[in-house]
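Coordinate-derived values only; no laboratory data. As the structure is a computational prediction, the values presented were derived from the model and not from experiment. Here the Cβ positions follow ideal geometry from the backbone for every residue, glycine too, while neighbour counts run over all protein chains shown.
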Amino acid sequence: MKHLLFYAFILFSYASLSAQGVGIFTAGSDVGNPKLKGSSVYNSEEQSYQLKGAGYNIWFARDEFRYAYRKIKGDFILTADFELVGKGTDPHRKTGWMIRPSLDEDDMHVTGTVHGDGLTVMQWRTAKGKEMRDPEDEIFTPKKNFTTIRLERTGKTVSMSAAHPGEPLQFIGSYTPEGLPDEVLVGIFVGSHNADVLEEAKVWNVRIDRAVPDNYSPNREGFLGSRLEIINVEDGTRKVIHEHKGRFEAPNWMPDGKKLLFNQDGSLWTIPTTGGTPEKFNTDFADRNNNDHGISFDGKMLAISHHRQGLPGGGSTVYVMPLKGGALKQITEKTPSYWHGWSADGKFVYYVAQREGSPSYNIYKAPVAGGPEIRLTNNVNTHADGPEGSPDGKYIYYNANPTGTMQIWRMKPDGTGQEQLTFDEYNNWFPHISPDGKWMVIISFPTTINPNDHPSYKRVMLRLMPLTQAGAPRVIAHLYGGQGTINVPSWSPDGKQLAFVSNSE
């Protein structure tokens, strides 16, 4: 496997990491006093987890394994990628996620487990000291060799999903453990299934998310914490470079490739791609900026969407200014207008807007030098959004739902030649084209959401699709996010990385 960068981050209000912490986990420990002592190592530079552990098994009435863990209450989502290192000794060596009330060797637990022979299973012990039964206390997957394992608790029910590289998560099953307390230990583990052998596991892209109910309203009930992440497009490894207890959104990559630009609290901010302290970016008088902003292809101009008070739809208005600093120039007079893209030659901006009291959103373009706006789509009862120009100037990519599901489309810059590009059950939004024009990244929302909406705090995917050859979208990230995750162009200048925002309470 290629060298991987790993990272994990979580916001908890009720506990802080101790000096003996292992990354996001409070501690690492052997459970069940195995004959061979294990280890839990977190490499802060590589942001990786390495677990070594022994133990006769995780089964019957007691367990032996290595565990990196922390306490958590309420609902949560546990997601990570797992690999057992080397050929191993026993085909039933195992790694994965585990939820249990304590470190007692005989305590109840629920695990999402991948074995050395590829067997992937959801398993549990029903109560402290109880014998685990086969097959009553497990759910087998019909497929093998899953890499991504997710366990999540909603109310009292624990569910498991798993995915192969590039694929959506597949639901494995659920179990409602009676007697599992509200506060539990959650963590990653490795067990050798052989008391005389140490086995090793690598774990990366570890995320522990505090989820909220599907009907949660951030505007009414408050915003969750935000993580600014960078992902390697080729291998899907992710790194968190900045986090905040409140909301920030929508990173752009600055032309030098060394900083990111994002919006927070009505202003724009820059931060080094290696992390650090954000610096406020001067946008002249505009202090009510939303998450629709971006830089021209030549790196010289910045477009923003700033709200003017007392105007229809919240008053979002498109402006442009020199990226190096200067006065804003207003482009759109009618509101609301939300910027999403530049033409390749920098002469036009592309945006989505509502006009003349219509509830529908349509795509427009307007000349930067001045002049009337030009309507490019003609929706009456449907929605179009996210227009982004291609680097070669041949197309505008966008999302629209004339079929009833939000899908990705493209058209010529004059609005002709509209063609649909994605055809699946997901609601696909915000196409972003790589600098070489060969790839498109999109954010895919669940089938259960309103196809006119791109809400916050959902289980979403980032997917990559080829544009110069045949191929379906493949998943590069499973995350908790949505609104503000990837609303704007966010490819690195070299086309090797993307920046995005994920969320957790």
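Points worth noting:
- Highest to lowest packing among 409-416, 178-185, 88-95, 51-58, scored as the average C-beta count within 10 Å: 51-58, 88-95, 409-416, 178-185
- Part-to-part distance (alpha-carbon centres) for segment 205-223 and segment 398-475, which is given in Å: 24
- Mean Cα-pair separation over length for the chain, i.e. relative contact order, pairs under 8 Å, 6 or more apart, %: 12
- Among the listed values (1) 25.9; (2) 23.3; (3) 21.8, the one computed from these coordinates for mean projected area of the Cα convex hull in nm² is (2).
- Backbone amide hydrogens, once placed in the peptide plane, bring T377 within less than 5 Å of I363, excluding anything fewer than 5 places away on its chain.
- Estimated vicinal HN-Hα couplings, Hz - segment 85-98 in sequence order (Karplus 6.51, -1.76, 1.60; Gly, Pro = x): 8, x, 6, x, 9, 10, x, 9, 4, 8, 8, x, 9, 9
- Within the straight-line cut-off of under 24 Å between alpha carbons, the lysines reachable from K144 are K2, K52, K87, K94, K202, sequence neighbours fewer than 8 places apart in one chain being disregarded.
- The phi torsions of segment 262-267, fed into the Karplus equation with coefficients 6.51, -1.76 and 1.60 and a -60° offset, translate into couplings of 8, 9, 7, 6, x, 10 Hz, rounded to whole numbers, with Gly and Pro shown as x.
- Looking at segment 228-282, the GluC sites (Glu not before Pro) that sit in a DSSP loop and have at most 13 other Cβ atoms within 10 Å of their own Cβ are E234.
- Across K143/K438; K324/K347; K239/K412; K300/K496, pairs whose alpha-carbon gap is larger than 26 Å: K143/K438; K239/K412
- Residues whose placed amide H lies under 5 Å from that of L328, excluding near-sequence neighbours: F285
- Assigned charges on the beta-carbon of Lys, Arg, Asp, Glu; segment 378-483 dipole about Cα centre (debye): 220
- Straight Cα distances below 19 angstrom link K73 to the lysines K156, K245, with same-chain residues fewer than 8 positions distant left out.
- Quarter of Cα convex hull surface for segment 27-209, i.e. mean projection, nm²: 9.4
- Segment 218-504 - share of DSSP beta bridges that are antiparallel (%, nearest 5): 100
- Interchain or long-range residues, amide H under 5 Å from F348's placed H: S343, V368
- Residue-by-residue Karplus 3J(HN,Hα) for segment 373-389, coefficients 6.51, -1.76, 1.60, Hz, glycine and proline x: 6, 10, 7, 10, 10, 10, 6, 10, 10, 10, 10, 10, 7, x, x, 9, x
- Cα centroid separation, segment 334-354 to segment 46-66 (Å): 54
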